[in-house]
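First comes the structure, then the notes that go with it.
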Amino acid sequence: MKWSGFWLLAAAVAVINCQQTGVHTDWPRWCGKVYQDGYPSFNPGGQTVSPQTAAGAPLVHVQFEPRYSLYLDSETHGEIVVNAELSQYYGKPWPKFNSSSGRANKLIFSVNLVENDDILVQNTVAVNSTGNIFRFDLSRLKPSLEPIKLVLYGGPEGGYPTWTATSSVYYLPEKKQGSVTRIDNLNGGLLFKNAASGNKFQPLLPYGFYASYDGFLRKNSTSEIQHYADLGLNSMTALTTYQDSAAAFNYMDKINLKFMYSLRDAYKNLTYVREQVLAARDAEAIYSYWGSDEPDGWQDPFSAPILARDLIRQLDPYHPVAVTLNCQNYHFAEYSAGGDFLMEDTYPIGINSTWSKWNTACNATLGDCGCDNCQGNVQDVPERLDDYARYERWLGLWPKTKAHNPQSFHGEDYWLRDPSPEEAVVMAALALNHGAQASVSWLWPASEILGVAHGKIGRVLSSSPVVDFVVGGDMPHRISVVGVKGTDVVDAAYWVYGGKMLVSVVNGGYVDIEQAVEIAVPDSATAVESTPWGNVSWTLGGGYLKVGRLEAMATSLVILDLKG
């Protein structure tokens, strides 16, 4: 939880004036759970659970999205991504294959404009396939500041049963001033363009801090902002407004320090939202808006983040909206709907995960220990990201881009210490392995040692060659670790891009592994080209990356050459 005197006051007013979600709304609650001594435990509700297997499963679940969240009228072609995967929960049964008919298990489909039924794409996809990409001519669309509605019609060769799915795409007039950010709906990354990029979209992995006003930006010190950037941090979420810090934002424009514009202080006040978006939308360095902060923790009305997001989109469709979720499992579908991408606040270091400062136990139905339903170690970070991805599958949702908010603080009687630099790097790498495409740490100014640590890893992750793999390549693929004692805390993933492979290996344990560790890699891997991060001496052979021992909290990024 992120606290400040002003925010506590604003939050208290919001609680008085806005109906909260959940049950026992007149009791002090966080994530739907009562947390103060003297109140009985109860089921907070709102859990996302695995749906029941549908009759006739497996079913064919058909979904589609534009490859990118927006296109510009200066571009000539767009892409549509079509999934026709097998699901235990969603879709329709595929007709039984009859070999004598010669019919293949392929879905014949068209993607049409809802407005006039004009066909953009007409093709086929194999049943139980995902990530199928189809090109279309953007000149078929009319530039508009409103989303253009699309519909997919599909079926087998025999024409029955039929599938339909809906989506939308932004086809916007080229922006005359300021930046543009779009989301890759296939792989989750952000692409950004402004004058500094030559008005060409480039991969962006934002890595930085939430930056306080009272302790930092109030000073209007360009030298301190420059020092922040010089550490290797390429972005900032400034906890201030143009009205108070125009000089700071203008300097970020000047040095191309990307920023997320914060609306957290009064996002339920749509007049405030309008004023702030109009002030920020044409900046050179803005990459997104922070639409709402922990609405699930505060149990804000479900509609509040959505209303803010919709107004932001209306005023500025050129930049996405982020929502931060705090809870492990409280009305995920309703609160995640308020963001184009999701940030998770998992702050596990230095907590008592079982007993709170409020003199209550912490569990699934009671208490607040500073990290909802956490164990109190670095593994909470990948588990939270995995939770959110699992909920999206259970809900039948197209996955949204994820971001990690690292812990870089202590205090509030929840967190007894800062993370160590090693823990900070491990949590950043674990988040990357589990699909995070951005990192926004709480809070700047941080300790010097954490500022340096985040700057070093941030510079590597947000620059070539690593960013080319993480944003330009496929989503991370999980890698198996040879199962010797102690390796259950070793986490590995890889990305493929440009005939090479980036492998990330993290020992998320607090003790050395005093035996060989082997990471399975494809047979096509031929040589270790470079090690952008880490001092582990990996060797390659027999389909494995190998090392004789692995130190506690060791993190490695290794690039392998691929044959073929």
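The values are calculated or read from the model by the stated rules, or taken from the named source; none is laboratory data. Please read these numbers as outputs of a predicted model, since none were measured by experiment. For neighbour counting, all protein chains shown are included, and Cβ atoms are generated from backbone atoms with ideal geometry for every residue, glycine included. Ligands, DNA and RNA are stripped out before the accessible areas are found, and what is left, the full protein with its side chains, is counted by its heavy atoms. Shrake-Rupley method; radii C 1.70, N 1.55, O 1.52, S 1.80 Å.
The amide H of SER144, built 1.01 Å from its N in the peptide plane, has TYR171, LEU172 as neighbours under 5 Å, considering only residues 5 or more places off or on other chains.
How much accessible surface area, in Å² rounded to 10, belongs to the heavy atoms of VAL489 with a 1.4 Å probe? Near enough 40 Å² of accessible area. Over the range 479-533, the reciprocal of the mean inverse Cα-Cα separation, the Kirkwood hydrodynamic radius, stands at 12.5 Å.
An ellipsoid equivalent to the range 27-102, defined through the eigenvalues of its Cα gyration tensor, has semi-axes of 43, 28, 5 Å when rounded to whole angstrom and sorted largest first.
Comparing LEU152, MET427, ASN199 along the charge dipole axis of the chain, the residue lying farthest to the positive side is LEU152, per the Cβ-charge model. The order of SER223, SER69, SER441 by accessible area, most exposed first and with a 1.4 Å probe, is SER223, SER69, SER441. Compare the Cα positions of GLY396, GLY188, ASN132 along the charge dipole of the chain (+1 at Cβ of Lys, Arg; -1 at Cβ of Asp, Glu; about the Cα centre) and return the one farthest towards the positive end. Result: ASN132, furthest along the dipole toward the positive end. When only the Cβ of Lys, Arg, Asp and Glu is charged (+1, +1, -1, -1), the dipole of the range 81-161 relative to its Cα centre reaches about 260 debye. Please give the solvent-accessible surface of ARG140 in Å², to the nearest 10, using a probe radius of 1.4 Å with every protein chain present. We get 100 Å² for ARG140.
Overall, the anisotropy analysis places the range 177-319 in the oblate class: the square-rooted eigenvalues a ≥ b ≥ c of its C-alpha gyration tensor yield a/c not less than 1.5, with a/b not exceeding b/c. Working note: Cα gyration tensor of the range 435-564, eigenvalues times five, square-rooted, sorted largest first, giving semi-axes of 24, 20, 12 Å. Legend: residue pairs LYS268/LYS402; LYS357/LYS400; LYS142/LYS258; LYS456/LYS500, Cα-Cα distance threshold 26 Å; pairs beyond threshold, LYS357/LYS400; LYS142/LYS258.
Between the range 234-262 and the range 393-464, the alpha-carbon centres lie 20 Å apart.
Only Cα pairs under 8 Å and 6+ residues apart enter the sum, and on that basis the relative contact order of the chain stands at 12 percent.
For the range 492-564 versus the range 102-156, the spacing of their alpha-carbon centroids is 40 Å.
Around the amide H of ALA211, modelled in the peptide plane, lie the amide H atoms of THR237, ALA238, LEU239, TRP444, all under 5 Å away and 5 or more residues distant in sequence or on another chain. Classified by the C-alpha gyration tensor, the range 263-330 has a prolate form. Its axis ratio a/c, with a ≥ b ≥ c, is 1.5 or above, and a/b is larger than b/c. Please state the shape class of the range 165-248: rounded when a/c is under 1.5, otherwise prolate if a/b exceeds b/c and oblate if not, all from the C-alpha gyration tensor. Prolate, since a/c reaches 1.5 and a/b exceeds b/c.
Remark: accessible surface ordering of THR48, THR222 (largest first) is THR222, THR48, probe radius 1.4 Å. A Förster radius of 25 Å combined with the Cβ-Cβ distance from ALA527 to ARG549 puts the calculated FRET efficiency at roughly 0.65.
Evaluate the range 304-411: find the radius of gyration of its Cα atoms, find its Kirkwood radius, and give the ratio Rg to Rh.
In the range 304-411, Rg relative to Rh is 1.02.
Under the convention that each Lys and Arg Cβ holds +1 and each Asp and Glu Cβ holds -1, the size of the dipole of the chain around its Cα centre is about 1000 debye.
Across LYS500, LYS357, the residue with the most accessible area heads the list, and the full order at a 1.4 Å probe is LYS357, LYS500.
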